[in-house]
Each structure stands twice: as C-alpha cells, then as structure tokens.
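Written out below as structure tokens is the structure these notes cover.
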Amino acid sequence: MPELPEVETVRRGLAPVMEGGSIVRVEQRRGDLRFAFPPDFAARLAGRQIISLGRRAKYLVADLDDGMVLVSHLGMSGSFRIEADEGGSLKPGVFHHARSKDDKHDHVVFHIDGPAGRARIIYNDPRRFGYMDLMARSTLAEHPWFRSLGVEPTGNSLDAHELARRLAGKTAPLKAALLDQRIIAGLGNIYVCEAMWRAGLSPVKPAGRLVTRTGRPRRELDVLTQAIRAVIEEAIAAGGSSLRDHIRTDGTLGYFQHGFSVYDREGKACPRPGCGDTVRRIVQSGRSTFHCPRCQKS
Ligand SMILES: [Zn+2]
C-alpha cells in the first residue's frame, strides 16, 4: 500500500500538469472503484479549472474553480500516469513512454489542457481499493474521511509539544499510538517502524511515558518527533529522485521503495554501528513491527 511519501511524490508529479489547467473532459469507465463514483462525476468535472493540487494524509485534494474539491485515494494498488494527449505536446523531455500493458485497469482518464501542454492523466487500479469523490471545499474538514485526522507528519505542524498533548495519559503501546490516524495523519507501518528504531524507542513502551506529569514532552519525545519528520522527509526526497526515473521510463507515478533500516529486515543485522543484534519481528494489533531489541530498549 502506498504510504504518505509515495502519495506526496504522486502529488508532486501531477501538480505541474494539473495546477492552472482545465479539465477538458473525463472518461469514467466504470461506476465504482472501492465506492461508487458520485452522480454525474465526469460531467461535473468537465470545463472546470484546477486551482491547486494538495494533499491531506494520504488523500490527494484538487481544488476546482467552482468551490468543489476532487478527492482521491490510491487504495492498495492505484497509480496515476501522464501521457501526452492527441494533438498535444507536453514540454519536451518531461513526460514520455505511455505505459499500456495494464490498460484494462485504466478506470478514469482526465483530459487536461494545462501549463505543461495537453495531457491525459490516467488512473489505473488493478485491485480497485482506491476511490474518488467530489465535495464542497467548505465541507471538507467535517467530512467523515477528514474530520478526525490528526496532525500531518510533514512540514512544521508536527512538534514535540503537540505530540505530548496527544499522547498524554495514553497506555497504548507506542507503535499503536503512532499508527493511530487521529494522532498523526498518514503515518503508516513502514515509517512508524523506521522512526522508532531511529529514536531508539521500544515499540511496546506505553505511549504516555513519553510525556511528563505536567504534559510536557520528555527528551525521548523530542528525539522521536525529529525522527518521524526525518524519515518522512528523506522518503519524500527519495521519491523525488525516483519520480524523475519513473517519468523517464514509463510515465507512471506510484509506489517506490528505498532502503529501510528495520522494516521487512527480520533476521538481518541491525544497521546501527556497534549494535551487533539482529532485527526482530513481532505482531502488534495484527501488524508486523520490525525492531531491534538491543538498541530499542528504552
Ligand atoms: Zn540495534
């Protein structure tokens, strides 16, 4: 499943083609993905201008010129790719090589006349766990998908004081608290494991122990906050470089992987210099936690 850095990479790949562009028409090839498309989906999008393409947690949020937003989620296997439209010319050297091998899973095609030229933005999703909807911008924050989302792990919104406020009194294991989307939005299993390893914190430690009695962050929470921001920022940076490669090869914007320290490395040596222990896997709330028992003791 794509995690937040992959979704941010997709956003950065689509933004130059979509922002400031017009939706000429939309080909909607089925009535549903994970959920039904809203009524008149294609007709309501036709002719609209895209003001900006943002992201909240793992949702892409395109602001349109009529006050509506197009919200999309990639689910398990969704991806977007960009192709030059008929008679169109994308900026030379930027987008190439239409991928056609899975075209039976191309479910939505957005024809865009934008700053990079005339383009088709194609949504492909073999397993169809992704979804799209249209809603008024003014109702977005209260929509069930968005209203209980916690703080973003990117940018300046996540700081140790804010996390202390959200973790105070929590007896849940740290791993579970960090995966709770009401606390931090969009942080998934991979980057939670990586951040706890980097901060040297045990995944089973009660989350509230990172907060003082007066509600202030302990030093470990400062370290953890920095670790979360760093693993996400590094993954987004890696996505940026993989993005250029993806676009050169097949025009697809989607999942990428780069090197992890503990995630999916059960039985391998802990990469912390001087540690010498091996990465273990435990199951917490039905999900694998990868950690090093020696340097994640505290
Ligand atoms: Zn270790």
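Summary of computed values
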read-out	value
Residues of the range 63-72 classified as open to solvent by 40 Å² or more (accessible area, probe 1.4 Å) and assigned to a strand (DSSP E or B), total	1
One residue from ARG209, ARG120, ARG216, ARG198 being basic (Lys, Arg), more than 27 Å from VAL262 (Cβ to Cβ) and at pLDDT 95 or above	ARG216
Sole residue being surrounded by 17 or more Cβ atoms within 10 Å (Cβ to Cβ), farther than 30 Å from ASP40 by Cα, out of contact with any Phe, Trp or Tyr (no Cβ under 6 Å at 6 or more places or on another chain) and not hydrophobic (A, V, I, L, M, F, W, C), chosen from ARG165, ARG219, ARG229	ARG229
Any hit, the range 129-141, residues being in a loop (DSSP other than H, G, I, E, B), out of contact with any helix residue (DSSP H, G or I) (no Cβ under 7 Å at 6 or more places or on another chain), at pLDDT 85 or above and surrounded by 14 or more Cβ atoms within 10 Å (Cβ to Cβ)	yes
Filtered residues of the range 125-176 (kept if of a type in the set (D, E, K, R), in contact (Cβ under 8 Å) with a residue 24 or more places away in the chain and over 24 Å from PRO5 (Cβ atoms))	ARG137, ARG165, LYS170
Test result for GLY20, over 19 Å from TYR191 (Cα atoms), more than 19 Å from the chain's Cα centre (by Cα), open to solvent by 20 Å² or more (accessible area, probe 1.4 Å) and of a type outside the set (A, V, I, L, M)	yes
Single residue of the range 256-275 satisfying the filter (among the small types (Gly, Ala, Ser) and away from the ligand (no atom under 11 Å from the Cβ)) that is nearest to the chain's Cα centre (by Cα)	GLY259
All positions within the range 29-62 that are open to solvent by less than 30 Å² (accessible area, probe 1.4 Å) and touching a Leu at 6+ places or on another chain (Cβ under 8 Å)	PRO38, PHE41, LEU45, ILE50, LEU53, GLY54, ALA57, LEU60, VAL61, ALA62
In the range 276-298, residue most open to solvent (accessible area, probe 1.4 Å) [restricted to those that are within 11 Å of the ligand (Cβ to nearest atom) and either closer than 13 Å to LYS205 by Cα or in a strand (DSSP E or B) (or both)]	LYS297
Residues of the range 23-60 classified as more than 23 Å from the chain's Cα centre (by Cα) and either in a helix (DSSP H, G or I) or closer than 25 Å to ALA84 by Cβ (or both), total	17
Selection within the range 195-205 - closer than 18 Å to GLY286 by Cα and open to solvent by 10 Å² or more (accessible area, probe 1.4 Å)	SER202, VAL204, LYS205
Residue within the range 173-192 that is more than 20 Å from the chain's Cα centre (by Cα) and open to solvent by 60 Å² or more (accessible area, probe 1.4 Å) present	no
Evaluation of GLY208 against (1) over 25 Å from the mean Cα position of the chain (by Cα); (2) small (Gly, Ala, Ser); (3) crowded, with 20+ Cβ neighbours inside 10 Å (one fails), failing number	(3)
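The values are calculated or read from the model by the stated rules, or taken from the named source; none is laboratory data. Computed from a prediction, not measured in an experiment: that's the story for all the values here. With ideal geometry, Cβ positions are generated from the backbone for all residues, glycine too; neighbour counts draw on all protein chains shown. Quick note on the areas: whole protein, heavy atoms, side chains included, nothing else; ligands and nucleic acids left out. Shrake-Rupley method; radii C 1.70, N 1.55, O 1.52, S 1.80 Å.
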